[in-house]
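Peer 1: Got a structure for you, written out below as structure tokens; questions coming shortly.
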Amino acid sequence: MRFKTGTPVILLAVTLLVSAVFLYQGYNDFRIAENFRGLPLSFDPYTSTSSYDWNGTSVQIQGGFVKALIREKDQSESLLLRSLSPTPKIILKSGSPASKTYLLRLENVNPARTIVQPGTFQAADPHSILLSVSLNPGEERTIQVQPKDDKNYLDMVILGDNRNGYKTFSQIISQINAVAPVFVIDNGDLVFGGEPNRYRLFYETVSQLQVPLYTTLGNHDIRKNGRVIYTELFGPPYYSFDYRDTHFVFLDSSRGWTEKRAIPPEQYRWLEQDLQKAQGKRIYVISHIPPTDPRSAQQPNTLPNIPGVEKTDY
């Protein structure tokens, strides 16, 4: 999909049809990697920030989340962050009584087309960069990450419902790599079911992508306790980001298939505040299941009644 800057418009992307290393442990269990220690998700959707106290030093990422601690080959420790935006910002504030160097891994970026200001980085793998940041006691450092983009339009690909179609999905990924968009959006049903082996296959397949991937949950993704695995790999269920003159919103409508209410009230409250801040921008709302079921003979997923807010013709 390609468009030029212009008049703000709201689009709703929905589908009803249609880098970590996994160590396979069997059908019902896996570990992401021997050197990987996942951290509980800490993410505020209102500010798009995630924070972690790393032995007294504060690490915050805006437009991403703190994912795990990694034991490097030389036995040093790095902090793994995952980007949820093309332009994540990392803020470190030293709490150490002595000068110290901190090693950060940022995944879900394209090292070949990434700019870091200030400083430099190493390409850790096709989807990750390695940042080495030296801080004096009490010092604060802000690092801005962004893609090289000298076009007057935004190239992106939106897809979904790939489920078990790995042969076709791999072909689509090859086509995406040939186009080389700024990023790819997958709006749900990443897997047919949430079993570990299915997520393993999905992650192995998308590892072929050479550009960032932003995802949201589908109803198939939360089966068999799949929400837990999704959270560990891809982070929060709903979030948003700005890129140039465009605002992207990712909603979690995965429960709507069984509960007949795709999006709960607390998420709508967040959405209203989020859209207020995005006025004047082109807006994409990414959701797997629409707020109202368009099919006949189905109980609709109606908007919840939030006191004091008019929902007529929303």
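Peer 1: Tell me the Kirkwood radius of the range 119-201: reciprocal of the mean inverse pair distance over distinct alpha-carbon atoms, in Å.
Peer 2: Working: mean 1/r = 0.0611 Å⁻¹.
Taking every pair of different Cα atoms in the range 119-201, averaging 1/r and inverting gives 16.4 Å.
Peer 1: On a C-alpha basis, how far is the centre of the range 186-214 from the centre of the range 129-146 in Å? Whole number, if you could?
Peer 2: Computed from Cα coordinates, the inter-centre distance equals 31 Å.
Peer 1: Any aspartates and glutamates with Cα under 13 Å of the Lys277 Cα? List them, leaving off those in the same chain fewer than 8 positions away.
Peer 2: Within the straight-line cut-off, Lys277 pairs with Asp242, Asp245.
Peer 1: Kindly work out what percent of the DSSP beta bridges joining two residues of the range 158-280 are antiparallel, to the nearest 5.
Peer 2: The antiparallel proportion sits near 50 percent.
Peer 1: Okay, moving on. If I take all pairs of Cα atoms in the range 69-171, what percentage of them are more than 25 Å from each other?
Peer 2: Percentage above 25 Å: 34.
Peer 1: Now for a separate question. With label points built 7 Å along Cα→Cβ from the Cα atoms of Arg269 and Ser174, find their separation and express it in nm.
Peer 2: Inter-label distance under the simple model: 4.9 nm.
Readers should treat all values here as calculations from the given coordinates under stated rules, not as data from a laboratory. Predicted model, so just to flag it, every value in this text is computed and none were measured. Glycine gets a Cβ as well: all are built from the backbone with ideal geometry, and neighbour counts include every protein chain shown.
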